[in-house]
Amino acid sequence: MSSGPGADSAPAPNHHHDARTTSLHTKGGTFSSLRIRNYRLFAAGQVVSNTGTWMQRIAQDWLVLSITGSSAAVGITTALQFLPMLLFGLYGGVIADRSPKRRLLLATQTAMGVTGVALAVLTLTGRVEVWHVYLTAFVLGLVTVVDNPARQAFVAEMVGPADLRNAVSLNSANFQSARLVGPAVAGVLITAVGSGWAFLANGLSFAAPVAGLLMMRTGELHRAERAPRGKGQLREGLRYVAGNPDLIWPIVLVGFIGTFGFNFPIWLTAFVNDVFHADASTYGLLNTLMAAGSLVGALLAARRGSSRPRLLVGAAALFGVLEITAALAPSFWVFALLLVPIGMCGLTINVTANSGLQMAADPALRGRVMSLFMMVFMGGTPLGAPLVGWITDAYGPRTGFLAGGVVSALAAAAVGLALARAGDLRLKVDFRRGHRHVAFVPRETAERPERLTATV
C-alpha cells in the first residue's frame, strides 16, 4: 500500500528473519538511526506528542491532588491508567504480531489524541470531576495495551537489526527530551490558566505522529514475519519467554522495579505538597531534573554497543540505593539533585532491558515478548501504586520512597544471582591491586587455584 512520497518508487521491502543471526554492521555514532528517513519522521512526530503527554501527566496528577487532597487518589489514577496493561497486555502483543504495525499505530495514536481533547473540554468547561479523570486514564490505558507493543516492535521494522539498539536508545532520549520541556510548560500553564490547556495541547500534539506515519515510505520498511491467526498464541509466547533465561530474568527485574520503584507521581507530589510545601511549578522542576538525568542516560546508552545483563543488574541496584538516599535527603536541593542520577539509572534499566529483549527475541514473537515486558513494567503499577500511595499517606513520603528503593535493590541482587546461576557463573572477590575487585566469572575460572598462576 502506497502511503507517502516516493513510496511507489521505493526499493523492495527488506526481510530480516532473526535479529539474533543477522550479521550486524553498526554504522556507529550516537545518532546513526536518524540517517533513516522513516525513523526520522517517526522520531519527529514522537517528540511533539511526547511533550504533550508529559504536560498531561503533570496536569493530571496535580488536578487529582487538587480535587481530592490525597496521594492515594493520585495512585488510583496511575493504577487505572496501567491496569489494562496488566489485564490485557499479552493480547495486545498478539494483535501486534498479527497486524500491520503502521496501520495499527495510526489508529492508536489518533485515539490517544481524542482522549486528551475530551479531558480538556471537561476541564475547560468546569465540569471535570475526579471520576472523569479516572475514566480517561483507564481508556488511555486500553489504547496503550495495543500501542506499546506495536510501537516497540515497529522500531525494528523501520531501522533493521543493525541500528535497533541505537534507535531504542534514541526513542528514550526523545521521550526524556520531551520530559524536560513538558513538565516545565505544564507547571507554567497550570499556575497561569489551569490544567485544561495542558490537556488540550496534548490532544492536538498527536497530529504530529499521525502525519509522520502517513508520510513514511512503506517499501523501505524491514518487513518482519507476521504471526498467522491461530489458537494458543498467548501460551506459545509465555512458554517461549519462560524457557529463555535471557528473556525471563530481565522481565522479572523490570517487573519489580516498575511495580515498586517507579511510583514517582505519588512520591514527588507528596514531597512537594507535604515535605517542601511548594506548588505545581516546583513539581514540574523536580520532573525536569529527573528528565535531565534520563536524557543523559539515554544518550550514553545510544553510544554503547551492547545490552549486557550485568549492566541491567548494576543499574537496578544503584537505582535502589539512590532512591533510599533521596528518601533520607535532609534538604530540598539535596533531594532535587539526587533525582538526576536516579533518572540516569532508571533510563539505563529501561533501554538495556528493552533493546536486549528485542535482540534476543524471535521476530515472529517479538510483539508478545515486548507486550509481556511492558505488561510487567507498566502493568505492575496498578498493584504497586495503591499500596505505595497508602504507605505514603499513612507513614509519610520519606517512608514510601524508602520502601520503593529497598524493593528495587533487593530485586536487583536476587536477579543478579539468578542470572549468574543460569550462566554457570559465580561471584569472585579479589582485592589485589590491578584486578577487578568484584566480578562474575565462569565457575571453572573462579574455582581454579590462584597458585597455578602465581610466581614461585
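Table for the structure above
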quantity: Residue, surrounded by the fewest Cβ atoms within 10 Å (Cβ to Cβ), within region 272-289, restricted to residues that are touching a Phe, Trp or Tyr at 6+ places or on another chain (Cβ under 7 Å) and of a type in the set (A, V, I, L, M, F, W, C); calculated: Phe276
quantity: Thr399 crowded, with 19+ Cβ neighbours inside 10 Å and among the polar types (S, T, N, Q); calculated: no
quantity: From Val415, Val406, residue being at pLDDT 65 or above and buried (at least 22 other Cβ atoms within 10 Å of the Cβ); calculated: Val415
quantity: One residue from Val139, Val114, Val128 being of a type outside the set (S, T, N, Q), assigned to a helix (DSSP H, G or I) and touching a residue at least 40 places away in the same chain (Cβ under 8 Å); calculated: Val114
quantity: Residue in region 378-388 that is buried (at least 22 other Cβ atoms within 10 Å of the Cβ), closer than 29 Å to Val74 by Cβ, under 14 Å from the mean Cα position of the chain (by Cα) and hydrophobic (A, V, I, L, M, F, W, C) present; calculated: yes
quantity: Residue check, Gly346 more than 23 Å from Phe271 (Cβ to Cβ) and not aliphatic (A, V, I, L, M); calculated: no
quantity: Residue that is modelled with the highest pLDDT, among those in region 68-98 that are surrounded by fewer than 21 Cβ atoms within 10 Å (Cβ to Cβ) and among the hydroxyl-bearing types (Ser, Thr, Tyr); calculated: Thr68
quantity: Exclusive hit being farther than 18 Å from Ala44 by Cβ and either surrounded by fewer than 22 Cβ atoms within 10 Å (Cβ to Cβ) or under 20 Å from the mean Cα position of the chain (by Cα) (or both), set Val168, Val128, Val159; calculated: Val128
quantity: Search result, residues across region 301-322 that are within 23 Å of Pro183 (Cα to Cα) and either within 18 Å of the chain's Cα centre (by Cα) or basic (Lys, Arg) (or both); calculated: Phe319
quantity: Extreme residue, modelled with the highest pLDDT, among residues of region 171-203 that are over 25 Å from the mean Cα position of the chain (by Cα) and surrounded by fewer than 20 Cβ atoms within 10 Å (Cβ to Cβ); calculated: Trp197
quantity: Which listed residue, of Thr325, Thr392, is in a helix (DSSP H, G or I) and either at pLDDT below 85 or crowded, with 24+ Cβ neighbours inside 10 Å (or both); calculated: Thr392
quantity: Residue pairs meeting the criteria (Cβ under 7 Å; at least 6 apart or on separate chains; first over 24 Å from Ala412 (Cβ atoms), in region 320-334; second modelled with pLDDT under 95); calculated: Phe332/Phe276
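Conditions (1) within 25 Å of Thr68 (Cβ to Cβ); (2) at pLDDT 85 or above, marked per residue:
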| position | (1), (2) |
| --- | --- |
| Leu214 | no, yes |
| Ala224 | no, no |
| Gly232 | no, no |
| Glu236 | no, no |
| Leu253 | no, yes |
| Gly261 | yes, yes |
| Trp267 | yes, yes |
| Asn273 | yes, yes |
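The values are calculated or read from the model by the stated rules, or taken from the named source; none is laboratory data. Source: prediction; values computed, not measured. Positions of Cβ are generated from backbone atoms using ideal geometry, with glycine treated the same way; all protein chains shown enter the neighbour counts.
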